[in-house]
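Have a look at the structure below before the remarks.
The values are calculated or read from the model by the stated rules, or taken from the named source; none is laboratory data. Worth saying up front: this structure is predicted, and the values here are computed from it rather than measured. Because the Cβ atoms are built from the backbone with ideal geometry, glycine has one as well, and the counts that use them run over all protein chains shown. These area figures cover heavy atoms from the full protein model, side chains too; ligands, DNA and RNA do not enter into them. Shrake-Rupley method; radii C 1.70, N 1.55, O 1.52, S 1.80 Å.
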Amino acid sequence: MTRFSAFSLFAKALGGHQSWPEQWPDASPKPAYDAIIVGAGGHGLGASYYLAKKYGITNVAVIEKGWLGGGNTGRNTTIIRSNYLYDESAHLYDHALKLWDGLSQELNYNTMYSKRGVMMLAHNVHDVQSFKRHIHANRLNGVDNEWLTAEQAKEYCPPLSISPNARHPVLGAALQRRGGTARHDTVAWGYARAAAALGVDIIQNCAVTGIRRGADGAVEGVETTRGFIASKRVGVSAAGHSSVIMQMAGLEFPLESYPLQALVSEPVKPVFPCVVMSNSVHAYMSQSDKGELVIGAGTDQYVSYSQRGALHIVEHTLAAICEIFPIFRRMRMLRTWGGIVDVTPDRSPILGKTPVSGLYVNCGWGTGGFKATPGAGDLLAYTMAKDEPHPINAPYNLDRFRTGRLIDEAAAAAVAH
Amino acid sequence: MLLIHCPYCDEARAEIEFAYAGEAHIARPPDPAALSDEDWTHYLFIRSNPRGRHHERWRHIHGCGRFFNAVRETVSDKFEVTYKAGEPRR
């Protein structure tokens, strides 16, 4: 692996950039590993990296049905924030946010993490009260979040319409300045490159077809389309397909999978300085470094694995965008796409051990998993290495649905479910 | 957008006329207090979420207003059949 630096870029440029080595090898499965991660998205690759880096478990395989980072890692709207209401959530998401800081340096890969601020608009009295409650709760947890008046919001994001006659009047906004965006693909690529350099095998085009359990019920390995791979530790980080994989181990999970759509406009010059979310009218938007406006829509109402959604969902979101940002009314949209998100009843993830010995899970991130990528990877690695959850992810167990100790996080949804 | 056949109106209409109402054929236990925590959890939270045939409820909310059941393939989103509430599972 060639380390990226100004010097190596310059040296390779002299050769016309022809001599870069591959960033990670396309591995074939070995018969056995110390640990297997199912799903080569940001979360799974992150877990493999931290297993190797922090816990010295380098004989690890990451198994991916399709291609690396081709699921929700490559389909989300790249928003990063941690202004969640409950203590458990604040700890979990802020743990991730702290890891985003310095991630580019740690991986020697530019994740393009940009702390441009995430602003959530309040359109009615209920929003104002709810956001202020969030701000106070966040402060108590050491998470930055501040209240802006409508004028201050306009100053922070000039394209915003704060006309009192607007269909969705802006009464104020909650701003998390540490929030922002990152380049989604580079997170997967950066983790893949760093993990592969530590000895992790990344095996693409290899679908898991079964989970083999021994006479004692413990995991012995996974059946795949490329043969059986043995391992006493299997971590599942398969997003929308998590419940399908868990059923292979005989486990029923409180998950439902829905299509979630996003879209981008044609690229324009820098015009939109931050991330703006508007939960009550179902719109959120930022501008990528390429210049496209990146817009997130809502989930479709029905369970599906189709990875595409209906047009009326997109139309609803764009109608709200046009009202809040009249400047964009004549923008043309380039692409829309969908991903499958696994949603739990309380909108909080399930991250930890399962009733099956040796089987670990990281799922249920719903519509908001990207922001947690480094944190989820780190905590899944910890849980797999120690066979017990970290205090941060201990509340995110499967048993909470039996005990009733839910983490009923309405703020988990950037959009209403 | 889905085209959904309402078995009461006997007409295929656009999805925006309908509200999805979750998995079908999940009966509320007659005596919840008699259930174990595991069974109650199962009733409240566990859904089959299949990649394949899914039994689900829809309500023709901007039409006849009635609930009915449907079988839909969750990868292609194609409806196999819709049938009236109370009819046996297809």
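Which ones in region A:299-329 are of a type outside the set (A, V, I, L, M, F, W, C), over 21 Å from A:Pro159 (Cβ atoms) and buried (at least 22 other Cβ atoms within 10 Å of the Cβ)?
Kept after step one, since they are of a type outside the set (A, V, I, L, M, F, W, C), are these residues of region A:299-329: A:299-302, A:304-309, A:312, A:315-317, A:323, A:326, A:329.
Pick out the ones that are also over 21 Å from A:Pro159 (Cβ atoms) and you get A:299-302, A:304-309, A:312.
Within region A:299-329, A:Thr299, A:Asp300, A:Tyr302, A:Ser304, A:Gly309 meet the criteria.
Here A:Asn393 meets the list (1) open to solvent by less than 30 Å² (accessible area, probe 1.4 Å); (2) within 14 Å of chain B (Cβ to nearest Cβ) almost entirely, failing just condition (2). Out of everything in region A:145-164 that is free of Cβ contacts under 8 Å to residues at least 60 places away in the same chain, out of contact with any Leu (no Cβ under 6 Å at 6 or more places or on another chain) and over 13 Å from A:Ile324 (Cβ atoms), what residue ends up being surrounded by the fewest Cβ atoms within 10 Å (Cβ to Cβ)? For region A:145-164, the residue satisfying everything is A:Pro164. Using the structure shown, decide if A:Asn205 is in contact (Cβ under 8 Å) with a residue 40 or more places away in the chain, open to solvent by 10 Å² or more (accessible area, probe 1.4 Å), assigned to a loop (DSSP other than H, G, I, E, B) and among the polar types (S, T, N, Q). For A:Asn205, the condition - in contact (Cβ under 8 Å) with a residue 40 or more places away in the chain, open to solvent by 10 Å² or more (accessible area, probe 1.4 Å), assigned to a loop (DSSP other than H, G, I, E, B) and among the polar types (S, T, N, Q) - is met. Checking A:Ile36, A:Ile57, A:Ile63, A:Ile80 one by one, the residue that is farther than 21 Å from A:Thr209 by Cβ and either buried (at least 24 other Cβ atoms within 10 Å of the Cβ) or of a type outside the set (A, V, I, L, M, F, W, C) (or both) is A:Ile80 and no other. Residue under question is A:Ser265, and the condition is that it be crowded, with 22+ Cβ neighbours inside 10 Å and at pLDDT 95 or above; does it hold? So A:Ser265 does not fit the description; no.
Quick check on this structure: which one of A:Glu388, A:Glu409 is open to solvent by less than 60 Å² (accessible area, probe 1.4 Å) and more than 14 Å from every other protein chain (Cβ to nearest Cβ)? Walk me through it before giving the result.
On the way: A:Glu388 fails: open to solvent by less than 60 Å² (accessible area, probe 1.4 Å).
Matching residue, one of A:Glu388, A:Glu409: A:Glu409.
Across region A:252-285, the qualifying residues are those that are among the β-branched types (Val, Ile, Thr) and closer than 15 Å to A:Ile327 by Cα, and the one among them that is nearest to the other protein chains (Cβ to nearest Cβ) is A:Val276. The condition of being of a type in the set (A, V, I, L, M, F, W, C) and either facing chain B (nearest Cβ under 10 Å) or more than 18 Å from the chain's Cα centre (by Cα) (or both) holds for A:Ile321. Has region A:88-103 got any residue that is at positive phi, modelled with pLDDT of 95 or more, open to solvent by less than 40 Å² (accessible area, probe 1.4 Å) and not hydrophobic (A, V, I, L, M, F, W, C)? The answer is no; no qualifying residue exists. Selection of helices (runs of 4 or more DSSP H) fully inside region A:82-174 by the criterion of at least 3 residues being closer than 30 Å to A:Ala197 by Cβ and of a type outside the set (Val, Ile, Thr) returns A:87-100, A:103-107. Tell me the residue from A:Ala61, A:Ala52 that is of a type in the set (Gly, Ala, Ser) and assigned to a strand (DSSP E or B), please. Answer to the check: A:Ala61.
Residues of region A:208-217 that are part of a strand (DSSP E or B) and open to solvent by 60 Å² or more (accessible area, probe 1.4 Å): A:Thr209, A:Arg212, A:Arg213.
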